[in-house]
Structures are given as C-alpha cells and as structure tokens.
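Have a look at the structure below, then the notes.
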Amino acid sequence: MASDLREFVDEVRRARPSDVLEVSQPVDPEHETAAILVKLEERQRSPILVFTSVRGCRFPLVSNVCGSLGRLALGLGCGIKDIGARYSAAAAGPIAPVVVDESPVHDVVLRGDDVDLNIFPALRYHADDAAEPYLTAAIVVARDPDDGVANLSYHRLMIASRTTTGIYIEPRRHLDGIFAKYVARGQDMPVAVFIGAHPAWSLGALYAGAPDVDEYGIIGGLLGRPLELTRCVGNPELLVPARAEFVLEARVSARERIREGPFGEFTGYGTGTTQSPVVVVEAITHRRDPWVQDIVSGHIEHLMLSVPALELRCLQAARRVAPGVVKVSLLAPLTCVISLRKQDDDEPWRVIDALCADIYAKQVIVVDDDVDPADLPRVLAALALQQQPDRAVRILSDLPGTPLDPSCDDPGGRTSKLGIDATRPLSRTRVVTRNRIPAEVLARVDLAALLKR
Ligand SMILES: Cc1cc2nc3c(=O)[nH]c(=O)nc-3n(C[C@H](O)[C@H](O)[C@H](O)COP(=O)(O)O)c2cc1C
C-alpha cells in the first residue's frame, strides 16, 4: 500500500494507467488548470492531472487525486461499495500515530526572509474569484488548548503576501471552536498546514465526529497501520505527516482580519467576501523536489472527498434517535436522504429533527428501507407515491446552516430547512399491494435457456 501522495500516484499509474494524465506543455495556473479539469469532466473523465510545467512555479502540480470513487477505494484498499463501511470501521477502531525521526518533509527548511508563499503556483479557478491566488488542498492542524487533542481540517487559504494568508473557517466547526478558545485568551492559534496527502489522510482529516477524537487515529484506522508523524521544526507540539510534500508552520492572528474572497465554493456558487483571520507563516518546510497538490473548488473531487465523513456523521446522528436507520446518502449539496425501517409513524420526524441540527443538512428526506436513498428516481417516486404532501412536508425555521448557502441572507448561516417524510404510514387503511410476479413463476423461468435460442 502506498505511504504518501507520490507513491499513491505511482500505484494508480500501475493499476489504471488511463487514470493519470500527465500534461507536460506549459499551463497557466490562472483558470487554465481548472479549465482542463472542467473540460475533462464534461466528457465524463476525471483522471489525476499531473502538470509538470506550470507558469511561475518550479514544482509540478498534482490535481484531482481523489476525483473518482475507484481511486478512493484504491487508496483504502477496498471495493467502491465498501468505502462507507471502511470509514465507519476506522472511526470505531482508530490506530494511534507514531512519531518518527526520518522525515522527508524536512528535507528543505525555509525560515525568516526565505519564507515566500509565492513559491506556490498562483492558482485561480473561477472567473469571479478574488484576484489573489488560493491554496485549496491545505490541511490545517491545530491543538485544542484545553486537552491538547489535534484537529485536522481543510481550509481554503488566500495568499495575501509573501508570509500571510486569509483563512476561511466555517462557524460551528471544530477549528472555529478551538480558535475561539485562543481568542478568548488573547493568544494567536499555532497551526501547521500540510499539503500533499495520500487519499486516506484526506478522508481522515475530514472526520466530523466528536471534537475529542484525534483525526490522525482515524487516518491510521483507514490505513490499517499507524501514520508516521514528525514534529514541526518551530513548534514541536504540532505534529504533521512525515511524508507530506509541504508544511507551513504558522499562527492564526487572534486580532488581525483581512478581506477574503470571493471564492466559488462546493455549492457551485461564490457568495461574496468575508472578513477572515490572518495566518502568519513563520516557516515553510518541504521535500526535495516537492509536488504541490491542488483541489479545484466546486468540482468532483471537492464534493466526493467530504461524503464518507458527512454520511457517517448523519448516520450516527440518525441512529441515535432511530435504531432502524439503514443507510444515508448525500444526494446533492445540503441534501440528506435516509432509509429507515420505522417502528412508528413519528420516527421519521425524530430523524428529521436530529439531522436538521447539522449545518450541512438543509433538506432531509426519509424513505422506507426498501428504497435505496442513493437512487434519486426511487426517492422521487417514494415522495410521489407514499405520502400526502400536506402531512409529509414540514418547514423548520431559524436553524444553524452554512453562510456558503447562496440562498442564505444571515451572515452566521441561520436558515430555514425542509423535512419530508416519504415513508408509507403504518396507520394507512387503504389496501395497497406492491406489484409482484409470483415467486414460483419467477423461479421456473430459465432466462439463460431462452436467450440461447
Ligand atoms: C477541499 C475542501 C475544502 C474545504 N474548505 C473549507 C474551508 O475553507 N473552510 C472550512 O471551514 N471548511 C472547509 N472544508 C470542510 C472542512 O474541512 C470539514 O468540515 C472539516 O474537516 C470538519 O471537521 P472539523 O469539524 O473537525 O473541523 C473543506 C473541505 C474540503 C474537502
């Protein structure tokens, strides 16, 4: 099994050569790398893109690493159908990381005047994005000042100068809570940001369970072995993967803010500018001949990466109130469909109430357990055929959501939500039968013999 990003790309090259597209002609980081990805997506292609000649950057750029379910499965060493099960097994059985001496990410150490974020390609994606370039495959490591537990999460970083970036932190996520504790103490938040991740590291970083879970343990659970970490050169309390490509050692200012954005997000929309905290980078370390990793915002990789973590979080929240929950599927942004073997007619509403507490669940639909929640036509058929809309639909007001929702006017993300119970009422009196061919007749039809003729 590959132990870092570059080994994983090699593994993909060997296992499925058409899944890696090397682009050696010069490309512009401003919109062009994104345009290439979009044109491939229009043709239903989603390979890893390795750009070896990016204008203004001396390093290769690797994009769309996790842009297919097949590659996520390869990264976890399982089949596509088993990704969700592997993810929940890793959450149930984390494997603690180990700290090692050998750390390729410290091959080159840049401090003081040598720190210059312009070594990264000046990546811009959408026409209406800010003029400043972004880093999108940046995983931020911070420690809770109370219990020391590490939190990992992706955050878009807008490069503002040689040594500073803006950082977008969603309200109510764990990093937001940790940062609030530092601000309350009047202290800057020390962080390490690593770039260049094996898919299991990316999926583990997105774990969205209890705040006291160290996501490095989830990554170990996904890999089936401990992840090798190393101590940051300037702040030994912060640990980063020893085989990452780059690490930015930094602090997030408790006081300073900067205009950040606009930026086209996972919803497919840009939602204006924010006043965001400033990240001050004090050191950059990297491998010899490092690869820059990138995720084109709002496209397939961005959407796919968060799904296992969010589905697990929704599944756990739903099962806490209804043990008969079978499966959760995030069919579209902010849309959660759950299949349930219900015990009473109120149970779907308990599930809807529980899930609407989640900022990323704005439309929640519950279907019976004989409907696959990932099958949109079947979900819509259940909506049309199993319930009367005047009883099946409820609007819930003033709940926590995300400011990234383009329909939301509240800067804090408060929103109304939609709950739909598309399950058959147990109390239904009308006699309704499901179309079925008698089993014994189905059994005696020998299709193979018929088709042979
Ligand atoms: C590619 C990508 C980019 C993301 N960018 C941001 C971001 O800019 N700000 C943010 O708050 N969350 C962002 N997220 C979502 C968080 O990383 C995710 O909610 C987080 O891991 C949840 O964990 P936490 O609650 O422990 O912080 C991004 C996710 C992905 C996959």
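The values are calculated or read from the model by the stated rules, or taken from the named source; none is laboratory data. As the structure is a computational prediction, the values presented were derived from the model and not from experiment. Here the Cβ positions follow ideal geometry from the backbone for every residue, glycine too, while neighbour counts run over all protein chains shown.
Side notes on the structure shown:
- Considering the conditions (1) more than 13 Å from the ligand (Cβ to nearest atom); (2) in contact with a Lys or Arg (Cβ under 9 Å, 6 or more places away or on another chain), residue 331 is excluded by exactly one of them, (2).
- Residues of region 384-399 that are of a type outside the set (Gly, Ala, Ser) and surrounded by 18 or more Cβ atoms within 10 Å (Cβ to Cβ): 386, 387.
- Some residue of region 364-374 being over 20 Å from residue 343 (Cα atoms) and in contact (Cβ under 8 Å) with a residue 12 or more places away in the chain: yes
- In the condition set (1) part of a loop (DSSP other than H, G, I, E, B); (2) crowded, with 23+ Cβ neighbours inside 10 Å, residue 178 is compliant with all but (1).
- The set of residues from region 423-453 being basic (Lys, Arg) and either over 30 Å from residue 366 (Cα atoms) or over 46 Å from the mean Cα position of the chain (by Cα) (or both) comprises 444, 452, 453.
Table: residues versus (1) within 14 Å of the ligand (Cβ to nearest atom); (2) outside any helix (DSSP H, G or I); (3) of a type in the set (A, V, I, L, M).
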{"site": "66", "(1), (2), (3)": "yes, yes, no"}
{"site": "70", "(1), (2), (3)": "no, no, no"}
{"site": "78", "(1), (2), (3)": "no, yes, no"}
{"site": "102", "(1), (2), (3)": "no, yes, no"}
{"site": "121", "(1), (2), (3)": "no, yes, no"}
{"site": "128", "(1), (2), (3)": "no, yes, no"}
{"site": "146", "(1), (2), (3)": "no, yes, no"}
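- Selected residue [part of a helix (DSSP H, G or I), more than 16 Å from the ligand (Cβ to nearest atom) and either of a type in the set (Ser, Thr, Tyr) or in contact (Cβ under 8 Å) with a residue 40 or more places away in the chain (or both)] from 186, 204, 234, 220: 220
- From the options 433, 423, 429, residue that is closer than 24 Å to residue 369 by Cβ and touching a helix residue (DSSP H, G or I) at 6+ places or on another chain (Cβ under 6 Å): 423
- Checked against the criterion of being over 20 Å from the mean Cα position of the chain (by Cα), surrounded by 15 or more Cβ atoms within 10 Å (Cβ to Cβ) and more than 27 Å from residue 219 (Cα to Cα), the candidates 322, 381 yield just one match: 322.
- Single match in 308, 277 (criterion: of a type outside the set (Ser, Thr, Tyr) and either without any contact (Cβ under 8 Å) to a residue 24 or more places away in the chain or not assigned by TED's automatic domain parsing to the domain that holds residue 94 (or both)): 308
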